[in-house]
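Just so it is clear, none of the values below were taken in a lab; they were calculated from the coordinates. Quick caveat, the model's predicted, so the values are computed rather than measured. Here the Cβ is made from the backbone with ideal geometry for all residues, glycine too, and neighbour counts use every protein chain on show.
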Amino acid sequence: MAEVVAVIASTHHPFYYRASTATGEDRPPFADAWVRKVEAFRETLTRARPDVLVMVGSDHFHQLWLDNMPQFLVGKAPFYDANFYNEEREFGLPRMFFTGQEDLSSYILREGIDAGFDLAFSNELRIDHSITCPIITLRPQNDLPIVPIYTNIFAPPLPRPSRFVQLGRMIRQLVESWPSDQRVAIIGTGHLSLELGGPRQFGPHGPDPEFDRKAVEWISTGDIEGCLSEVTLDSLHLPGNATHGFMDFMLMMGVAGEGRKADYVDTYDLFHTMEAYFTWYPGGRP
Amino acid sequence: MSKYLLNKFLFTVDRDPELVERYREEPRATVEWWESEYANRILGSHTGESSTWLRFDDVEREALAAHDYPKLFELGAHPFLTLTLFIAMFERDYPPLGFQTEYAQRLSHMKLPYPDIAT
């Protein structure tokens, strides 16, 4: 059976690429420290020597639209193009190209549907920065096949937080039962407190540092129960109007497991957001 | 009232570089053209299978024609779509992060709970 060699949860900051590649006067003052943190985080994936990456993210109204909106969708394609015109325009992100691990996509779809998750699928999926950002930060050589999994954290009605945790648990079980000898890393990205297009956006910190502190505590200690007892679809409006992206972190807590402390935790307080980086090694630290 | 149609306008304009510039320069004419020619297109279908029933109400049409993004927020347009498109149109006229900061300030009268964005 396949082995889950690393579980990684991260924020996805679309400005990292531009900040980390800027030089001279264009290079922001926070870039060097940010690059150091990201490179240390990258090492936690490198050390696990994965063969395949399962990538959990959320389309930001790029390919998925309100006339046909899936709650949870698995890409099943031999290849994926990536990044969209408006991400090149606003964030300076490059066009990218991925190979798909199509047999694992098929397995997750078949077994996931049979296990009670009516997963949508896509045979031609252009993926966006929720998945390309962690490739840029964690695997910039982009040399591994992927299975993209999208969640709807964006267009209400949304699934409830507990459903994200359940999906995370199921993804973990399915990867571990996949008849293969591949080493799989499961990587998901979301947000802590975040406001976009509202009065609290682009402040000197994330919009709710207290929420961020609690969120980092929940994630780093694997406190799924505590997190679920406080976080609801309604409560997530309070820390910032885009904070529902935190549910992708909850999904990754489900992947990592109840009570499972993260083996690596780091944060970086930036303007606009708190960046947060977590790695678990289910089989022990490599 | 159609939050869906407001979002559809923002979504379809934002992804088309030519339409972004057209909406920046001629907002009223672009909104009128879009409502008559584009609003009823089903995006995955050819134009012979368009919808027949989608239209803005007067308040929505005016908010778009006036580039009135605080009003779009009040009407429940998706804040991510509004922000992304308006950054594309107007960030260039400001110092770095200047437009985003002014945007937040112009919405500072909005208190929780924000308008419902469910469509």
**OP:** Please report, ordered by residue number, the helices (runs of 4 or more DSSP H) entirely within region B:1-110 with at least 1 residues that are acidic (Asp, Glu).
**Re:** B:3-14, B:17-25, B:27-37, B:58-65, B:69-74, B:98-106
Original post:
Out of region B:104-119, which residues are touching a helix residue (DSSP H, G or I) at 6+ places or on another chain (Cβ under 7 Å) and more than 7 Å from every other protein chain (Cβ to nearest Cβ)?
Top reply: B:Arg106, B:Pro115
Subject >> Boolean, A:Leu73 is under 17 Å from the mean Cα position of the chain (by Cα) and more than 30 Å from B:Leu5 (Cβ to Cβ) >> reply: no
**OP:** Would you mention how many residues in region A:187-221 are small (Gly, Ala, Ser), outside any helix (DSSP H, G or I) and either more than 19 Å from the chain's Cα centre (by Cα) or closer than 25 Å to A:Pro148 by Cβ (or both)?
**Re:** 5
Original post:
In region A:32-68, how many are in a helix (DSSP H, G or I) and either within 30 Å of A:Val175 (Cβ to Cβ) or within 14 Å of chain B (Cβ to nearest Cβ) (or both)?
Top reply: 10
Subject >> From the options A:Phe117, A:Phe164, A:Phe121, A:Phe97, residue that is more than 14 Å from every other protein chain (Cβ to nearest Cβ) and in contact with a Lys or Arg (Cβ under 6 Å, 6 or more places away or on another chain) >> reply: A:Phe121
**OP:** Among the numbered conditions (1) buried (at least 18 other Cβ atoms within 10 Å of the Cβ); (2) of a type in the set (Phe, Trp, Tyr); (3) more than 10 Å from chain A (Cβ to nearest Cβ); (4) in contact (Cβ under 8 Å) with a residue 40 or more places away in the chain, tell me where B:Phe90 comes up short.
**Re:** (1)
Original post:
Of the conditions (1) aromatic (Phe, Trp, Tyr); (2) more than 14 Å from chain B (Cβ to nearest Cβ); (3) touching a Leu at 6+ places or on another chain (Cβ under 9 Å); (4) not in a helix (DSSP H, G or I), A:Tyr268 fails just one. Which one is it?
Top reply: (3)
**OP:** Could you please tell me which pairs satisfy a Cβ distance under 8 Å, a separation of 6+ or placement on different chains, a first residue in region B:42-58 that is in contact (Cβ under 8 Å) with a residue 40 or more places away in the chain, and a second residue that is surrounded by fewer than 12 Cβ atoms within 10 Å (Cβ to Cβ)?
**Re:** B:Asp57/B:Met1
